[in-house]
Amino acid sequence: MTNRALSNPFPWAAEYQYAQSVLTGGELVFTAGQGGFGDDGTVVSDDPEAQIRQAFANVDLALEAGGASLETIVKMTVFLADASLYDAFKRVRGELFAPPYPASTAIVAGGFLFDGMLVEIEAVGRVAEPRS
C-alpha cells in the first residue's frame with residue numbers, strides 16, 4: 001500500500017510542516033484537522049457557524065487534492081472549543097450532509113493553538129465514491 005502526501009491547498013500552512021491530506025492506497029484520503037481559516041490563514045469570523053462552514057470548505061479542499069470530497073466522507077472527527085457550539089455544528093452539518101450520513105465523533109477539546117479558533121474538523125473520504 002502506497003501513502004502519498006497531497007499538494008497543500010493552503011499556502012499559509014506550509015510553514016507548519018505537516019501534510020494537509022494524505023492519499024492511502026489510492027482509495028482513502030485522510031485530512032489533517034481543518035479550522036475556520038481563510039485564504040490568509042486567519043480565523044474568518046468569531047461567529048461559530050461562519051467558522052464551521054469555513055472549516056468544512058477547507059476539509060473539502062484538502063479532500064479534493066486526492067479525488068475525494070464532502071460527499072465521499074465516511075468518517076469525521078470534530079473538535080469544539082465548547083459544548084455550547086454543538087448546536088451550531090449540527091445546523092451546518094445538516095445543511096451540508098444528507099443520508100446516508102458519515103460516521104461522526106464530536107469532542108469538546110478547547111485549548112486550540114490559535115486565538116479565536118472555535119472548531120477543527122478532520123475527515124476520511126473515499127476517492128470518487130460517494131456514500132451510498
Could you figure out which of (1) among the aliphatic types (A, V, I, L, M); (2) within 23 Å of Glu15 (Cβ to Cβ); (3) modelled with pLDDT of 95 or more; (4) not in a helix (DSSP H, G or I) isn't true of Met76?
-> (2)
If we keep just the residues of the stretch 104-125 that are of a type in the set (Asp, Glu) and not in a loop (DSSP other than H, G, I, E, B), which is farthest from the chain's Cα centre (by Cα)?
-> Glu120
Give the residues of the stretch 42-68 that are within 30 Å of Thr2 (Cβ to Cβ) and outside any loop (DSSP other than H, G, I, E, B), sorted by residue number.
-> Ala55, Phe56, Ala57, Asn58, Val59, Asp60, Leu61, Ala62, Leu63, Glu64
Of the residues Arg93, Arg126, which is within 24 Å of Thr2 (Cβ to Cβ), touching a strand residue (DSSP E or B) at 6+ places or on another chain (Cβ under 9 Å) and of a type in the set (Lys, Arg)?
-> Arg126
Is there a residue being more than 11 Å from the chain's Cα centre (by Cα), outside any helix (DSSP H, G or I), farther than 23 Å from Asn8 by Cβ and without any contact (Cβ under 8 Å) to a residue 40 or more places away in the chain anywhere in the stretch 82-93?
-> yes
Looking at Gln54, Gln34, which one is surrounded by 18 or more Cβ atoms within 10 Å (Cβ to Cβ), free of Cβ contacts under 8 Å to residues at least 40 places away in the same chain, under 11 Å from the mean Cα position of the chain (by Cα) and over 20 Å from Ser132 (Cβ atoms)?
-> Gln54
Of the listed residues (Thr42, Thr72, Thr77), the one being under 21 Å from Ser132 (Cβ atoms) and among the hydroxyl-bearing types (Ser, Thr, Tyr) is Thr72
Please list, ordered by first then second residue, the pairs with beta carbon atoms under 7 Å, 6 or more apart or interchain, first in the stretch 63-81 and among the polar types (S, T, N, Q), second outside any strand (DSSP E or B) and surrounded by fewer than 19 Cβ atoms within 10 Å (Cβ to Cβ).
-> Thr72/Glu129; Thr72/Pro130; Thr72/Arg131
Looking at (1) closer than 18 Å to Glu27 by Cβ; (2) touching a Lys or Arg at 6+ places or on another chain (Cβ under 8 Å); (3) buried (at least 16 other Cβ atoms within 10 Å of the Cβ), find the lone condition where Val92 falls short.
-> (1)
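The values are calculated or read from the model by the stated rules, or taken from the named source; none is laboratory data. In this text, all values refer to a predicted model and were calculated from it rather than measured experimentally. Here Cβ is always computed from backbone atoms with ideal geometry, including for glycine, and neighbour counts include all displayed protein chains.
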